[in-house]
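Values quoted throughout were computed directly from the atomic coordinates according to the rules given, and no laboratory measurement underlies them. This structure is a prediction, so every number in the text was calculated from the model and none was measured. Cβ placement follows ideal geometry from the backbone for every residue including glycine, while neighbour counts extend to all protein chains displayed.
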């Protein structure tokens, strides 16, 4: 017998070759999980960004508001999240949907509607994402410099925000806006992208005088240039130093991002080009094609993202990347993901961003199993070791936000460190830490990677019924989700309870496992959080398969973070079958060898508790009247038993599964959906611990599935050890 230790984890989700040929630490399923520094862990949750109040009335939803103000929700798709940089160089978060512009108020912790000077709204659809750039202009009457945020959606006339109001850019008379002359295309009516680049404001893929120029870069004079009469030229497209430069292709510009000193621009068919700054003030930009045509196709402009020395983009043919010189695919571990997992008719909804906290690239995408016109999952790429996984998160667009963080140095502390409530390893404690903000299709705005669970939501009522019914402003749950209740007043018996839910409507849901008939009446307060469904499955494992031999899996050891709270379910599979195997439920039954469904020779036998944890001593087994075995509060009960014997136990709270732990190389099993539960608990105070699950099954290959959907229970797995030995020939069936 040999132990094959899988640690540290470094492969992640891998579909590059046939499953049995994958590296030993590869996973064929990774849902709501990721690898970080060799550790397998459940993804973090998210929290609503803004839920402040006004006049004593709380806002229980973090959503974009319309002209009606606080509590008047537009319920439209979030289409852009940007930071406006004011004259003090402070960053202010701006959130846009298809019609409205909101500003995040850090004092009141809410989203405030920003008025358009002419009272108009915008005309984009759920495909017309906003692009934005910070720029500085000069007021011609006061000569004062004003920072503005220019934003455009490829439909409306480009807009700007001056810190107070929004306005059409072509109405910026105070900043001496002048339309482009006919010689360079005429009036600017729309643009797909805008950037501050080469000390100029540039627009890409523009519409001018009714004509679309999909390959064009339109640029202003230098932002600090001034005309002879003293007027600013920063927005004067009629000046001789403004102009256009068209790429040598009829292809369409979709997206762009910065890489070092260049702007990398992705075209739909021809892939990445570099827009480079020159030293010629009359021709300040030039185009340079990167890589071959065809293999570098891009099908979503908002999938373009720069991180870790590369710019990546997603296309139906794959996820491509360039370092400014070479172009190639970065998704070789998932060669058919963009073809098989992303809905080809909805590729335009893909949206990418980088997560600094865990050094990851995220790509929100609409899956082939979703009927919605928006993204419902996120493909996660860990850039340090090129690992992949998938999160179940319905996010329509992303942005970044600079937190107002703890910025004191050690010598400035006047109180003990513990009194500040911070953590040394907390990313958000760094000054100006960069957080990912997610915008949903229904106007919600979330701060990502913040919590152990998903979406804290305030409760407005709970019924005294069986099952209990919870009322909220908008729960955003699906039937089958698991939630936990906190901080309820009146009906305090329900606090800290978890339950699967059944959705009644948009504002209420049933707690399927909670009978609140005898509970005290609900009076006020409380909130719930949703559990994150963690699920991973290993590759089919058999070290002797190339020799044509089967393998015995004797047991599996798990090295995990110890916790008083966490459990994790385990299932075992053979020969890449779709259903797991476990030994049959032994509740009120007898072990009688093969007749009872298990081979039980004399020797050591263990029983695994389902629906654990249990307190030590609450379950005991009387084996054939010869001895009583009492559990130790962990996941097993062990003892020396005869070949046959009746099992009796003192608990109706758990179910017991039997498993032979002897020198026998075979044991029969029944295929069903039963699971075993590991309890990540260590009363000795150790941070990590080993847990063993006995299996003793012969097969051509073995797989392990770990899954969990519990609130407030983190999962961190450091290693998996497989105790195995070779068995008979695969062809001979022995």
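A few notes on this one:
- Neighbour-count order for 402, 702, fewest beta carbons within 10 angstrom listed first: 402, 702
- Cα→Cβ-extended label distance, 7 Å offset, between residue 547 and residue 336, nm: 3.3 nm
- Built from the Cα atoms of the stretch 456-500, the convex hull projects on average onto 3.2 nm², one quarter of its surface area.
- If the chain linking residue 502 and residue 269 were pulled fully straight, counting 0.36 nm for each residue of separation and taking away their Cα-Cα distance, it would gain 79.3 nm.
- Rounded FRET efficiency, nearest 0.05, which uses the C-beta distance separating residue 105 from residue 174 and R0 of 30 Å: 0.70
- Label point 7 Å beyond Cα of residue 87 along Cβ direction - residues of the stretch 132-151 with amide nitrogen under 16 Å: 135-149
- Going from the fewest other Cβ atoms within 10 Å to the most, the residues 486, 349 appear in the order 486, 349.
- Evaluated over the stretch 454-530, the Cα radius of gyration and Dmax, each in Å: 10.6, 29
- When 491, 1 are arranged by Cβ crowding within 10 Å, least crowded first, meaning fewest neighbours, the order is 1, 491.
- Highest average packing first - 73-82, 329-338, 15-24, Cβ atoms within 10 Å: 73-82, 329-338, 15-24
- Normalised by the number of residues in the stretch 454-530, the average gap of Cα pairs under 8 Å and 6 or more apart makes the relative contact order 44 percent.
- Shape of the stretch 316-377, Cα gyration tensor, a/c cut at 1.5: oblate
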